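Asker: One structure, as structure tokens, below. Some questions next.
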Amino acid sequence: MRASEPPALSAVFRQLDITPDYPVSLLGYFNDRVSTGVLDPLACRLAGFAAAPGRARGAGVRRLLFVQIDTCLLDDAFAFSLRRALRAREHGAWAEREVLAFASHTHTAPALARFYEAPRQDRYASELTARIAAAAGEVARALAFRAGSSQEERAAAVTVELARGRADGVCFNRRWLLRNGRLLTNPPRALRAELDRPEGDVDPEVNTLLFRGADGEPRALFVSAVNHTDTVGGERISADWTGALEREIIRALGRDLPVFPLLGAQGNINHFDPAADRDQTCPAEAERLGRVYAEAVLRALPAAVPSAWDRRRPPLAAAVERAALPGRRIPAAELAEARALLAAGARGGAGEELTASELAEGSEAVRRVIARELQRQAPARRRLYRVPLQVARLGGVLFCAVPGEPFVEIGLALKAFGRAAGFALTVPLGLASGYNGYILPGESLARGGYEALSVAGRLGGSSAAMLLDRVQRLACRCR
């Protein structure tokens, strides 16, 4: 893109406290955990952008709305109900392609979907949808008012600056090849001597979009990082390390402002260091990661530069497509094995927390949960899935939204594409607009591991390459 003066944008930012004041089932582990209290609050952050009046040609749009929710995932049903609510006139009449809704992936928030043994929290989901819709309506009205008044438009004007950084030593590929050729996700410490090498790469980049008001003061930050948000554990509600990230940045800047976490392609990436002996699932670990990521942002901000854009293009653009992607087959032998396991009866206790680490240790309790989930999913499996893929452009920044947990290889490929296509920055965005489980290349699917299980994702091995191709084509429409 040809660099020019920054686009004329106005913006409205809102932040809602969405912490429930009643017990809820927490989503993220195999077993059902009912909350026993609150460690730190959950938030929903909204950022609405409007371009100066003009013809929105091609993929150009006059508005964009980013909705970030502190939750583990947004399944298809919740994403659909939210889109339907936002289409209502009183809530802003937001078109589907104008809205990017995505999760922070915290594993200590109310279940907005059924996930293994955790039931969907219908009351909370309904209340949350209504609150987001009302806030989106306020954002739409504020943008419309400001666009109609030159004085107010100046007051709401924002510039976009980019700061590039990295955080080393906090993200690891969680899929390990053992010396015997076997692959495990989150291998236990007992197998440390048997580890050969991680299956793939990591992405330590921490890229920040800084939005400044007309007075030059920061008004909001978008922080793009690639890691799982599962460091707290337990039964207390928490935003995990992304909440600590915001608190650290607010403390350092001395200004209360929303910090939007944008989780990238983290399907095979987490914070577990296989060489470390410390407790890596506790509140102190969340604070540590939040601090490390905040320090990466703060180091990079002094070198932030205005986002380059092409003045011949609309400052805002967006496109959406429902791509037909092949489903992941559940073999008949696998179903028969699940039925046999359940028919044999339980042996041993279930434990307090059942995660992929317990699966790697051979936990029968986890295997039984997976067997029940396999039986539940099997009748609903399809040969093809219509998967909503979205891209949006804000000035020179490209956002690529994927409804699931793509592997880091997909995110790195999208970033490489964005550089070649001339975008100032490309932000892969997972856990957006729905959920299809783990999205992994065919070679990773063949090697096994938790993410390759039939219950862990519903898209087949060729879907990753097809998805990548479709997203790139959508991005070209937004150039």
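Asker: Along its three principal axes, how long is region 344-473 when you only count alpha carbons? Whole Å, largest extent first please.
Answerer: Each principal axis gives a Cα extent; for region 344-473 these are 58, 29, 25 Å.
Asker: Still on this structure, I have one more. Just rank R328, R322, fewest to most, by other beta-carbon atoms within 10 angstrom.
Answerer: Fewest-to-most ranking of R328, R322: R322, R328.
Asker: For C476, C44, which order do you get if you count the other beta carbons within 10 Å of each Cβ and list the fewest first?
Answerer: C476, C44
Asker: If you stretched the chain out fully between R197 and A275, how much longer would it get, using 0.36 nm times the residue separation minus the C-alpha to C-alpha distance?
Answerer: In short, 26.8 nm is gained.
Asker: May I ask for the Kirkwood hydrodynamic radius of region 118-236, worked out over all distinct Cα pairs and given in angstroms to one decimal?
Answerer: After inverting the pairwise mean of 1/r, the radius is 19.4 Å.
Asker: Here is a follow-up. Against the longest alpha carbon principal axis of the chain, how many degrees, from 0 to 90 and to the nearest 10, is the axis of helix 463-477 turned?
Answerer: Approximately 0 degrees, to the nearest ten.
Asker: Hey, what angle do you get for helix 122-147 against the long axis of the chain, alpha-carbon based, 0 to 90 degrees rounded to 10?
Answerer: 20
Asker: Right, here's the next one. Round to a whole angstrom and tell me the spacing of the C-alpha centers of region 392-438 and region 225-304.
Answerer: 20
Asker: So, one more: Of the options T231, N270, L257, report the single residue whose Cα projects farthest towards the positive end of the charge dipole of region 219-280 (beta-carbon charges: Lys, Arg +1; Asp, Glu -1).
Answerer: Toward the positive end, the furthest listed residue is L257.
Asker: Return the distance in nm (one decimal) between the two label points of a simple spin-label model at R473 and A252, each offset 7 Å from Cα along Cα→Cβ.
Answerer: Distance between the two pseudo-spin positions: 4.2 nm.
Asker: Another question about this same structure. Along the three principal axes, how long is region 330-380 when you take its alpha carbons, biggest first, rounded to the nearest angstrom?
Answerer: Principal axes ranked by extent give 30, 21, 15 Å for the Cα atoms.
Asker: Using only alpha carbons, build the gyration tensor for region 286-396 and give me the equivalent ellipsoid semi-axes, biggest first, whole Å.
Answerer: 45, 27, 8
Asker: On to the next question. Please give the charge dipole size of the chain, origin at the Cα centre, charges +1 on K and R Cβ atoms and -1 on D and E Cβ atoms. Round to the nearest 20 debye.
Answerer: 2080
Asker: In what sequence do R386, R458 fall when counting other Cβ within 10 Å, fewest first?
Answerer: Fewest-to-most ranking of R386, R458: R386, R458.
Asker: Could you state the angle between the C-alpha long axis of helix 241-253 and the longest principal axis of the C-alpha atoms of the chain, as a value from 0 to 90 degrees rounded to the nearest 10?
Answerer: Roughly 30 degrees between the two axes.
Asker: Rounded to the nearest Å, what's the spacing between the alpha carbon centres of region 176-224 and region 25-97? Just the number, please.
Answerer: Spelled out, the Cα-based centre of one part sits 24 Å from the other.
Since every read-out is calculated from the coordinates, none of them should be taken as a lab result. In this text the structure is predicted, and so the values were computed from the model without any measurement. In this analysis, Cβ positions are derived from the backbone assuming ideal geometry, glycine residues included, and neighbour counts consider all displayed protein chains.
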